[in-house]
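Peer 1: Quick one: structure below, then a few questions.
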Amino acid sequence: MNTTDALSARRLAGEEEPLEISFEDGLGYYPAKLGEDIGFKSGPGPYRIERKLGWGTCSNVWLGLDKRYGDYCALKILTANSTIDLFEEEMNELPFHLAINGGELKFGARKPDLSHPGREHCMQLNEAFLIEHNVEDKKFNHAVCSFEVLDYIHEECGIIHCDLNSENMLLRLGTRGRTREVIDSHLKTTASAFTEEGQPRSQPLPATAIFDTEDIFVKLADFGHGNWKSPPTHYPLGQYSLRAPELILGHIDFGTEIDIWSLGCVVYELLTGNCLFKRAKSSDQRFVDKVQLMHMAGYTKQSIPPYLRDNGVKGERLLDENCYPDGVRAFGMQQNLKDALEYSNIFGNNKDELNRTHAFLRRCLTIDPRRRPSAVELLTDSWLKGD
C-alpha cells in the first residue's frame, strides 16, 4: 500500500494525521494547537486557530479567526514535504490559483476572462471554510455554479481539476455577519475534541449549520492534484469511486472530460446521499477495475468504445474483444442509474423530475469521453436551467 492509500485508509478509519512521520520520511504535518496564533514569519500572526476541520494527504485544515476583521476562514497548512520547491512542484496548487486570478499561465495560454461567471466560484484562500455535507434538499440547486466554475477553469484557464469530490465543493455563507453568527453558535454549543494523545480531532462544521441558511455560495477548492490541459504534466488519480472510465483503463489521451464524469458522480451523491460507483472490496486491483467498469457500463446502459481498450495501458488486461470485463460476474446489476434514482425516494411521484434528472446525469456519465458534453454544453441543459 502506497502512502496516499495508507493515509486514505487512516482517514476512513476515523484516525487523525500521523504527526510522528517527519518531513525526512515524506510527510511533516504541522502540529497546530487550538488557540495558536499563526500567519507571519515572526511574532503573533493575524489568524487564531479555533477548531480542527480535517486533514488530507498534503495538509491539515483548521477553522481560523482573522483577528483583524473578526471573520472566520479556513487555514490549509501544507505538510513540509508538500512545500518543497513550492513553485516548481508539479503537484502544487499555487500555479493554478495564479492562473485562475489572471496571473502567469503555462505553455503560452491566453489570459482568462476575469469577468467569466465561473471565476467567482473558484475558492479564494481567505473566503471559504471546509465542511463535509449531504444535501437533504430534493435537488442540488447550486449545481449550475459547479458547471460554471468548470467552464471557467477548463476553457479560460486551461486547467483540469482532477480531484472533484464533495469535500472540495465548499460553501460560503452570503454575508460576513451571518457567517460569524452561525459559527459562533456552533463553537459555543460544541466542545473541542481530542485524541488520547491530546491531538485535536477533526470536527467539520455540521451540514445543519449551513443548509438552514438560504444565502450560500458554492466554491471549488483544492487544486493540489490539478493538471494543465495542454499538455498535462502528470497522470490524474483522484477518488477511485469518482474516477472516469478512461482513467480506469489507463487511457493516456485524457482531458477535461474526466472532471465532467466526476462532477456527475458528485451531483448524484449530493442528491441521494449515496455513492454511485462503490469500489469493490478486494485486494486484487484487476478484479476491482473490472467490477468498476462493469458497473459503469451496466448502470448507464452504454458500451465501452473499442479505442479505449486498444489505447489504454490496462485495456487488454481488463476487457475482452467485445469490450466487456471478462471473468467477472454481474454482482448487483439488477439496477441501473434510473432505478437507483427512483429507489432513493427523493422524487416522490414526480416522474418528470426523475426523468429529467436521469437524462442530465446520464449526459455527465457518458462512457465515451469524446462524446461526453463539456461544462458549457451542460449549462444549457433544462435540468440546470430549471425549465
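Peer 1: Restricting the search to segment 201-256, which residues are at pLDDT below 85 and outside any loop (DSSP other than H, G, I, E, B)?
Peer 2: Leu205, Ala207, Thr208, Ala209, Ile210, Phe211, Ile216, Phe217, Val218, Lys219, Leu220
Peer 1: I would also like to ask the following. Do any helices (runs of 4 or more DSSP H) entirely within segment 295-371 hold 3 or more residues that are basic (Lys, Arg) and either exposed (fewer than 13 other Cβ atoms within 10 Å of the Cβ) or touching a residue at least 24 places away in the same chain (Cβ under 8 Å) (or both), and if so, which?
Peer 2: So the answer is 351-364.
Peer 1: Right, another one. Give the residue that is surrounded by the fewest Cβ atoms within 10 Å (Cβ to Cβ), with candidates limited to residues of segment 231-246 that are closer than 19 Å to Gly315 by Cα and touching a Lys or Arg at 6+ places or on another chain (Cβ under 9 Å).
Peer 2: Restricting to residues being closer than 19 Å to Gly315 by Cα and touching a Lys or Arg at 6+ places or on another chain (Cβ under 9 Å), the top hit is Leu237.
Peer 1: Turning to a different aspect of this structure: Can you run down the residue pairs with Cβ atoms below 6 Å, 6 or more apart or on separate chains, where the first is in segment 66-88 and at pLDDT 80 or above and of a type in the set (Ser, Thr, Tyr) and the partner is assigned to a loop (DSSP other than H, G, I, E, B) and exposed (fewer than 15 other Cβ atoms within 10 Å of the Cβ)?
Peer 2: none
Peer 1: Follow-up. Scanning for something hydroxyl-bearing (Ser, Thr, Tyr) and at pLDDT 85 or above, does segment 152-167 turn up at least one residue?
Peer 2: Scanning segment 152-167, I find at least one residue that is hydroxyl-bearing (Ser, Thr, Tyr) and at pLDDT 85 or above, so the answer is yes.
Peer 1: What is the residue count in segment 127-151 for residues that are of a type in the set (D, E, K, R) and either modelled with pLDDT of 85 or more or within 16 Å of the chain's Cα centre (by Cα) (or both)?
Peer 2: Qualifying residue count for the region: 3.
Peer 1: Also: Is segment 35-46 home to any residue that is under 20 Å from Glu197 (Cα atoms) and either touching a Pro at 6+ places or on another chain (Cβ under 7 Å) or at pLDDT below 80 (or both)?
Peer 2: The answer is no; no qualifying residue exists.
Peer 1: Determine which member of the set Ser382, Ser374 is of a type in the set (Ser, Thr, Tyr) and either surrounded by 15 or more Cβ atoms within 10 Å (Cβ to Cβ) or touching a helix residue (DSSP H, G or I) at 6+ places or on another chain (Cβ under 6 Å) (or both).
Peer 2: Exactly one residue qualifies, and that residue is Ser374.
Peer 1: If a residue must be surrounded by 17 or more Cβ atoms within 10 Å (Cβ to Cβ) and assigned to a helix (DSSP H, G or I), how many such residues does segment 257-287 contain?
Peer 2: Adding up the residues that qualify gives 16.
The values are calculated or read from the model by the stated rules, or taken from the named source; none is laboratory data. All values reported here derive from a predicted model rather than from experimental measurement. For neighbour counting, all protein chains shown are included, and Cβ atoms are generated from backbone atoms with ideal geometry for every residue, glycine included.
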